[in-house]
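Enquirer: I'd like to ask you about the structure that follows.
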Amino acid sequence: MNSVLKNILIISVIFLLSLVNAFANEDPPKITCVEVLDDGSVKLHWISDNSNWSEFNIYFSTNRYSNWKYLGSINVPNSYFVISHDTAHADIEPYYYVVTAVYPSLNEVSSDTVSTIFMGVAPIPNDEGIALIAWNPVSSPLPEGSSEFYKIYRKIQLPGQPPGSWLLHDSTKNTLYNDTVEDGLCNAFIDYRIEIDNIIGCSSVSNVKGDWFSETRQPAKPVFDSVSINENGEVVLGWTPSTSADALGTIIYIFDSNDIPHEIDTITNNQISTYIDSIRKPCRDNNIRYSIAAIDSCGNKSPGTFSTPLRPIFFNSVNYTICNETNSISWESYINAEPEIEKYLIWSSKNNEPTAIVGEVPGDVTNFNHTNIENQTDYTYYIQAVFGNNTSTSCENSITTGSYIKPGYIYLANADVQEDNTIDLELDADLLPLDCSWEIYRSETGSGTQTLLTTINRSSVSSNPFTYADQTADGSTGFYDYTIKVIDSCNRQDLESDLMKTVFLQGSKISENQHQLVWNAFEGYENGVSKYYIFRSTNITVVPLLIDSVNSSTLSYIDNVSMVSTTESEFTYKVQAVEDGPNSFGYQNVSNSNRVIFLRDTELYMPNAFRPNGVNNIFKPVTTGFAGSNYLFQIFNRWGQVIFETNDPNEGWNGIHNGNHAPQGVYIYRLVYDDVNGNPIDRKGNVTLID
């Protein structure tokens with residue numbers, strides 16, 4: 001190995017060893033104490049054996065395994081550190097903490113996870129002279145430097161006296177402790193606090209928790225009768241008081257979301273058997289559960305009704321179904337009734353009228369449909385459970401029913417074939433309902449079987465009557481049947497119009513001057529058709545002219561055009577059905593058919609000479625009107641060369657060829673076209689050009 005490579009290898013090894021040494025010195029911080037203050041805030045204590053850190057980041061959570069949040073950071077050099085978590089509520093739940101040290105390498109090293117000591121205190125069941133205390137450790141194992149013993153502090157407050165001082169009461173290595181209350185304490189409230197010391201000079205302190213303790217004879221349990229809601233929306237509890245001679249009164253409990261009962265009040269008069277809770281909101285909270293217990297003069301509590309709590313009937317919202325004219329009502333069942341629920345009564349008032357029972361259901365049913373409801377009406381309901389001689393009443397719930405307007409009418413006023421053979425429909429509909437639609441059904445031409453063509457929503461219509469243009473129709477192929485169906489806001493078909501059939505006009509040529517028209521009867525006018533008008537237009541008279549009319553039972557017509565000028569070679573016809581009216585809707589409409597066209601054969605005359613400088617200075621076919629197609633007119637010289645041609649029937653030859661006057665002489669012409677019947681015509685001849 002040469003010396004250069006050897007030096008590089010030595011330098012690399014030294015660098016790697018320095019990195020290993022650097023990371024090896026990146027020690028985690030050590031949390032020593034977690035101190036809960038009286039207001040639930042927390043002080044966190046820790047030390048670091050390494051001074052190379054750049055800062056500490058502190059994180060907390062109320063769930064050991066998730067939802068960690070950033071609390072703060074410290075970057076002031078020291079060997080002992082404390083941070084306060086002022087917004088913590090460690091008096092009501094445990095808080096978890098982790099401290100991470102950030103080193104110049106950007107490596108972040110975390111401490112062990114620690115918890116506040118969260119302590120619970122409760123009397124041992126059926127023996128309130130013994131306090132059962134339980135708490136969680138700060139960590140497992142305990143922080144380095146912690147004592148093996150938890151110190152239990154007590155503070156006693158006797159009735160009518162100020163609170164006592166905190167005194168060390170006992171210590172234990174366990175996290176459970178039973179404290180037997182001394183004899184002679186009656187109605188004493190004892191607070192407890194747990195501490196565990198650390199040799200570093202701090203202590204981990206728990207939350208404060210306490211309870212009443214006294215001699216342990218329990219009074220007889222009261223009988224919890226019912227929970228109702230009064231007209232003010234307050235919870236009313238009723239019970240039969242304890243029969244014990246020394247019973248002082250009744251304790252009221254409410255359960256939290258963890259099914260833990262909490263005292264909310266104490267009635268210190270055993271003759272009182274009702275309680276009004278004006279704090280809870282039973283009309284909004286569907287799971288307010290109460291229990292009660294008796295208390296004697298020394299504070300001994302009877303067994304509570306915790307296993308059979310009572311809750312008010314929670315009345316769900318009233319749902320109005322406008323289409324069924326029904327108010328649907330549902331509620332949460334009344335629980336732990338004694339005896340069982342016999343039935344539920346449904347009470348209602350309408351527009352503030354007196355309340356009356358509108359229905360009842362068995363005790364295992366918790367819904368009711370109030371039918372035949374009136375629109376735009378105020379309804380108020382409450383539910384009453386009946387069990388034995390007791391009842392329980394729910395909150396009131398009110399609803400104002402909606403406004404349902406049933407469509408009153410639909411009238412298909414007209415179906416008119418346009419010049420482009422599309423069809424315009426005129427509709428007259430009830431526009432008072434703001435939420436409805438009109439379905440237009442149409443048969444294919446001549447089939448008679450209708451299918452849905454389109455749907456028009458009420459929101460798109462602002463005036464009445466209104467027109468729908470059926471752009472997909474082709475009135476030249478046959479008649480169409482139309483029907484309009486009204487769909488109301490409940491998606492029900494309430495109305496259907498009469499069927500309307502368009503006029504389909506057909507024609508045939510009987511002779512050169514006789515045109516036969518045939519059409520079907522128009523259908524759909526309320527009073528029927530009074531007559532049919534026949535209109536004709538030509539290539540000269542473009543505006544249709546009324547030429548005749550027939551009665552409603554006549555469905556054909558023959559038009560003789562022999563007296564019409566020969567210059568009019570194209571004839572267009574339409575038939576118009578005239579309503580016999582006005583009808584009950586105030587209409588007297590006309591409905592046009594499609595148009596049919598007849599063409600008169602072209603009559604051509606070819607001059608045999610023309611003079612370009614004279615009166616007849618243009619040579620072309622003389623016609624009263626060209627009605628054919630594929631027109632071609634050509635002039636040839638005597639060598640057979642084309643010297644003029646045109647496809648325009650109105651254009652002729654003026655004797656000019658290549659910008660010069662053609663010489664006098666005989667020329668050949670050719671005229672090619674298709675006549676009105678599509679037959680090809682090919683005519684040839686001579687014409688003399690005269691100078």
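The values are calculated or read from the model by the stated rules, or taken from the named source; none is laboratory data. These figures come from a predicted structure and were not determined experimentally. When we count neighbours, we look across all protein chains shown, and the Cβ atoms used for this are built from the backbone with ideal geometry, even at glycine.
Enquirer: Of the residues GLU374, GLU419, GLU444, GLU439, which single one is acidic (Asp, Glu) and either crowded, with 18+ Cβ neighbours inside 10 Å or assigned by TED's automatic domain parsing to the domain that holds ILE329 (or both)? Reasoning before the result, please.
Expert: Details: GLU419 fails: either crowded, with 18+ Cβ neighbours inside 10 Å or assigned by TED's automatic domain parsing to the domain that holds ILE329 (or both); GLU444 fails: either crowded, with 18+ Cβ neighbours inside 10 Å or assigned by TED's automatic domain parsing to the domain that holds ILE329 (or both); GLU439 fails: either crowded, with 18+ Cβ neighbours inside 10 Å or assigned by TED's automatic domain parsing to the domain that holds ILE329 (or both).
So the residue among GLU374, GLU419, GLU444, GLU439 that is acidic (Asp, Glu) and either crowded, with 18+ Cβ neighbours inside 10 Å or assigned by TED's automatic domain parsing to the domain that holds ILE329 (or both) is GLU374.
Enquirer: Now for a separate question. If you check THR541, THR554, which single one turns out to be hydroxyl-bearing (Ser, Thr, Tyr), modelled with pLDDT under 95 and surrounded by fewer than 17 Cβ atoms within 10 Å (Cβ to Cβ)? Full working, then the answer.
Expert: Values: THR554 fails: modelled with pLDDT under 95.
Just a single option satisfies the conditions, and that option is THR541.
Enquirer: Where in region 618-691 are the strands (runs of 3 or more DSSP E), entirely inside, with at least 3 residues that are of a type in the set (Val, Ile, Thr)? Write out each step before concluding.
Expert: Details: elements: 629-636, 642-646, 665-674, 680-689.
Of the strands (runs of 3 or more DSSP E) lying wholly inside region 618-691, those with at least 3 residues that are of a type in the set (Val, Ile, Thr) span 642-646, 665-674, 680-689.
Enquirer: When the residues of region 45-87 are narrowed to those that are surrounded by 17 or more Cβ atoms within 10 Å (Cβ to Cβ) and touching a residue at least 60 places away in the same chain (Cβ under 8 Å), which ends up farthest from ASP197 (Cα to Cα)?
Expert: ILE47
Enquirer: Do you know which residues across region 643-664 are exposed (fewer than 13 other Cβ atoms within 10 Å of the Cβ) and touching a Phe, Trp or Tyr at 6+ places or on another chain (Cβ under 6 Å)?
Expert: Residue satisfying the conditions is ASN647 alone.
Enquirer: Then there is this: Identify the residue in region 440-498 that is in contact with a Phe, Trp or Tyr (Cβ under 8 Å, 6 or more places away or on another chain) and aromatic (Phe, Trp, Tyr) and, among all such residues, is farthest from PHE585 (Cα to Cα).
Expert: Checked region 440-498; the qualifying residue farthest from PHE585 (Cα to Cα) is PHE479.
Enquirer: Also, I was wondering about something else. Mind counting the residues in region 268-300 that are in a strand (DSSP E or B) and either touching a Ser or Thr at 6+ places or on another chain (Cβ under 9 Å) or loosely packed, with under 14 Cβ neighbours inside 10 Å (or both)?
Expert: Residues of region 268-300 in a strand (DSSP E or B): 274-277, 290-296.
Next cut, either touching a Ser or Thr at 6+ places or on another chain (Cβ under 9 Å) or loosely packed, with under 14 Cβ neighbours inside 10 Å (or both) only: 274-276, 290-296.
Looking only at that region, the number is 10.
Enquirer: Among the residues of region 455-471, is any in contact with a Ser or Thr (Cβ under 7 Å, 6 or more places away or on another chain), among the polar types (S, T, N, Q) and either surrounded by 12 or more Cβ atoms within 10 Å (Cβ to Cβ) or in a strand (DSSP E or B) (or both)?
Expert: Quick first cut of region 455-471, residues in contact with a Ser or Thr (Cβ under 7 Å, 6 or more places away or on another chain) only: 455-458, 469-471.
Applying the additional criterion that residues be among the polar types (S, T, N, Q) yields 455, 457, 471.
Filter once more, so that each one left must be either surrounded by 12 or more Cβ atoms within 10 Å (Cβ to Cβ) or in a strand (DSSP E or B) (or both): 455, 457.
Yes, region 455-471 contains at least one residue that is in contact with a Ser or Thr (Cβ under 7 Å, 6 or more places away or on another chain), among the polar types (S, T, N, Q) and either surrounded by 12 or more Cβ atoms within 10 Å (Cβ to Cβ) or in a strand (DSSP E or B) (or both).
Enquirer: Hand me the list of strands (runs of 3 or more DSSP E) wholly inside region 335-398 holding 1 or more residues that are hydroxyl-bearing (Ser, Thr, Tyr). Steps first, answer last, please.
Expert: Details: elements: 343-350, 356-362, 367-370, 378-387, 390-393.
Hits in region 335-398: 343-350, 378-387, 390-393.
Enquirer: Right, here's the next one. With respect to THR567, determine if the residue is over 22 Å from ASN414 (Cα atoms), modelled with pLDDT under 85, surrounded by 18 or more Cβ atoms within 10 Å (Cβ to Cβ) and not hydrophobic (A, V, I, L, M, F, W, C). I'd like the intermediate steps shown before the answer.
Expert: Details: over 22 Å from ASN414 (Cα atoms): yes; modelled with pLDDT under 85: yes; surrounded by 18 or more Cβ atoms within 10 Å (Cβ to Cβ): no; not hydrophobic (A, V, I, L, M, F, W, C): yes.
Against the criterion (over 22 Å from ASN414 (Cα atoms), modelled with pLDDT under 85, surrounded by 18 or more Cβ atoms within 10 Å (Cβ to Cβ) and not hydrophobic (A, V, I, L, M, F, W, C)), THR567 does not qualify.
Enquirer: Another one. Determine whether region 435-450 contains at least one residue that is in a loop (DSSP other than H, G, I, E, B) and touching a Lys or Arg at 6+ places or on another chain (Cβ under 9 Å). Spell out how you get there, then give the answer.
Expert: First pass over region 435-450, keeping only residues in a loop (DSSP other than H, G, I, E, B): 435-436, 444-449.
Still in the running and touching a Lys or Arg at 6+ places or on another chain (Cβ under 9 Å): 435-436.
Checked against the condition, which is being in a loop (DSSP other than H, G, I, E, B) and touching a Lys or Arg at 6+ places or on another chain (Cβ under 9 Å), region 435-450 yields at least one hit.
Enquirer: Something else now. Filter region 86-115 down to the residues that are of a type in the set (Gly, Ala, Ser) and part of a loop (DSSP other than H, G, I, E, B), then identify the one that is farthest from the chain's Cα centre (by Cα).
Expert: Here is the first cut: in region 86-115, the ones of a type in the set (Gly, Ala, Ser) are 88, 90, 101, 105, 110-111, 115.
Remaining after also requiring part of a loop (DSSP other than H, G, I, E, B): 88, 90, 105, 111.
Working: ALA88: 39, ALA90: 42, SER105: 53, SER111: 49 Å.
Per the criteria, the residue is SER105.
Enquirer: Restricting to region 495-508, name every residue that is surrounded by 15 or more Cβ atoms within 10 Å (Cβ to Cβ) and either in contact with a strand residue (DSSP E or B) (Cβ under 6 Å, 6 or more places away or on another chain) or of a type in the set (A, V, I, L, M) (or both).
Expert: Taking region 495-508 and keeping what is surrounded by 15 or more Cβ atoms within 10 Å (Cβ to Cβ), we get 495, 497, 499-507.
Within region 495-508, LEU495, SER497, LEU499, MET500, LYS501, THR502, VAL503, LEU505, GLN506, GLY507 meet the criteria.
Enquirer: Can you pull out every residue in region 352-363 that is touching a residue at least 24 places away in the same chain (Cβ under 8 Å) and surrounded by fewer than 11 Cβ atoms within 10 Å (Cβ to Cβ)? It would help to see each step written out before you state the result.
Expert: Here is the first cut: in region 352-363, the ones touching a residue at least 24 places away in the same chain (Cβ under 8 Å) are 352, 355, 363.
Across region 352-363, the qualifying residue is only ASN352.
Enquirer: Does region 306-340 hold any residues that are β-branched (Val, Ile, Thr) and surrounded by 21 or more Cβ atoms within 10 Å (Cβ to Cβ), and which are they? So that I can check it myself, show each step before the final result.
Expert: Quick first cut of region 306-340, residues β-branched (Val, Ile, Thr) only: 308, 313, 318, 321-322, 326, 329, 335.
Once the filter is applied, which keeps residues that are β-branched (Val, Ile, Thr) and surrounded by 21 or more Cβ atoms within 10 Å (Cβ to Cβ), region 306-340 yields ILE313, ILE329.
Enquirer: Go through region 168-178 and give me each residue that's surrounded by 14 or more Cβ atoms within 10 Å (Cβ to Cβ), among the polar types (S, T, N, Q) and free of Cβ contacts under 8 Å to residues at least 40 places away in the same chain. Before the answer, list the steps.
Expert: So the first thing to find is which residues in region 168-178 are surrounded by 14 or more Cβ atoms within 10 Å (Cβ to Cβ), and the list is 169, 171-172, 175, 177.
Next, only the ones that are among the polar types (S, T, N, Q) stay: 171-172, 175.
Listed by number, the residues that qualify are SER171, THR172.
Enquirer: Where the second residue is part of a loop (DSSP other than H, G, I, E, B) and the first is hydrophobic (A, V, I, L, M, F, W, C) and lies in region 507-521, which pairs have Cβ atoms under 7 Å and are six or more apart or on separate chains?
Expert: VAL518/LEU555; TRP519/VAL503; TRP519/PHE504; TRP519/LEU555; TRP519/SER593; ALA521/LEU555
A quick yes/no check of all residues on (1) crowded, with 16+ Cβ neighbours inside 10 Å; (2) among the hydroxyl-bearing types (Ser, Thr, Tyr); (3) at pLDDT below 95:
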{"site": "TRP166", "(1), (2), (3)": "no, no, no"}
{"site": "THR180", "(1), (2), (3)": "no, yes, yes"}
{"site": "ILE194", "(1), (2), (3)": "yes, no, no"}
{"site": "GLY201", "(1), (2), (3)": "no, no, yes"}
{"site": "VAL208", "(1), (2), (3)": "yes, no, no"}
{"site": "ASP225", "(1), (2), (3)": "yes, no, yes"}
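Enquirer: Would you call SER584 farther than 30 Å from ILE690 by Cα, in a strand (DSSP E or B) and either in the same structural domain as PRO465 (by TED's automatic domain parsing) or touching a residue at least 40 places away in the same chain (Cβ under 8 Å) (or both)? Give the steps one after another, and end with the answer.
Expert: Numbers: farther than 30 Å from ILE690 by Cα: yes; in a strand (DSSP E or B): no; either in the same structural domain as PRO465 (by TED's automatic domain parsing) or touching a residue at least 40 places away in the same chain (Cβ under 8 Å) (or both): yes.
Taking the combined requirement at face value, the residue does not satisfy it.
Enquirer: From the list ILE313, ILE322, ILE295, ILE288, which one is touching a Cys at 6+ places or on another chain (Cβ under 9 Å), closer than 25 Å to ASN258 by Cβ and of a type in the set (A, V, I, L, M, F, W, C)?
Expert: Numbers: ILE322 fails: closer than 25 Å to ASN258 by Cβ; ILE295 fails: touching a Cys at 6+ places or on another chain (Cβ under 9 Å); ILE288 fails: touching a Cys at 6+ places or on another chain (Cβ under 9 Å).
Of ILE313, ILE322, ILE295, ILE288, the one residue that is touching a Cys at 6+ places or on another chain (Cβ under 9 Å), closer than 25 Å to ASN258 by Cβ and of a type in the set (A, V, I, L, M, F, W, C) is ILE313.
Enquirer: Going by the structure shown, is PHE387 surrounded by 15 or more Cβ atoms within 10 Å (Cβ to Cβ) and either assigned by TED's automatic domain parsing to the domain that holds VAL236 or touching a Pro at 6+ places or on another chain (Cβ under 6 Å) (or both)? Outline the logic, then answer.
Expert: Working: surrounded by 15 or more Cβ atoms within 10 Å (Cβ to Cβ): yes; either assigned by TED's automatic domain parsing to the domain that holds VAL236 or touching a Pro at 6+ places or on another chain (Cβ under 6 Å) (or both): yes.
Yes: the conditions hold for PHE387.
Enquirer: State yes or no: is GLU263 under 40 Å from the mean Cα position of the chain (by Cα), surrounded by fewer than 20 Cβ atoms within 10 Å (Cβ to Cβ) and of a type in the set (D, E, K, R)? Let's see the steps before the verdict.
Expert: On the way: under 40 Å from the mean Cα position of the chain (by Cα): no; surrounded by fewer than 20 Cβ atoms within 10 Å (Cβ to Cβ): yes; of a type in the set (D, E, K, R): yes.
It is false that GLU263 is under 40 Å from the mean Cα position of the chain (by Cα), surrounded by fewer than 20 Cβ atoms within 10 Å (Cβ to Cβ) and of a type in the set (D, E, K, R).
Enquirer: Does ASP91 satisfy the criteria of being exposed (fewer than 13 other Cβ atoms within 10 Å of the Cβ), under 17 Å from THR116 (Cα atoms) and of a type in the set (Asp, Glu)? So that I can check it myself, show each step before the final result.
Expert: On the way: exposed (fewer than 13 other Cβ atoms within 10 Å of the Cβ): no; under 17 Å from THR116 (Cα atoms): yes; of a type in the set (Asp, Glu): yes.
Criteria not met by ASP91.
Enquirer: With the requirement that a residue be part of a loop (DSSP other than H, G, I, E, B) and either on the phi < 0 side of the Ramachandran plot or in contact (Cβ under 8 Å) with a residue 24 or more places away in the chain (or both), what does region 247-267 give you? Quick ask: steps written out before the conclusion?
Expert: Of the residues in region 247-267, the ones part of a loop (DSSP other than H, G, I, E, B) are 256-260.
Matches in region 247-267: ASP256, SER257, ASN258, ILE260.
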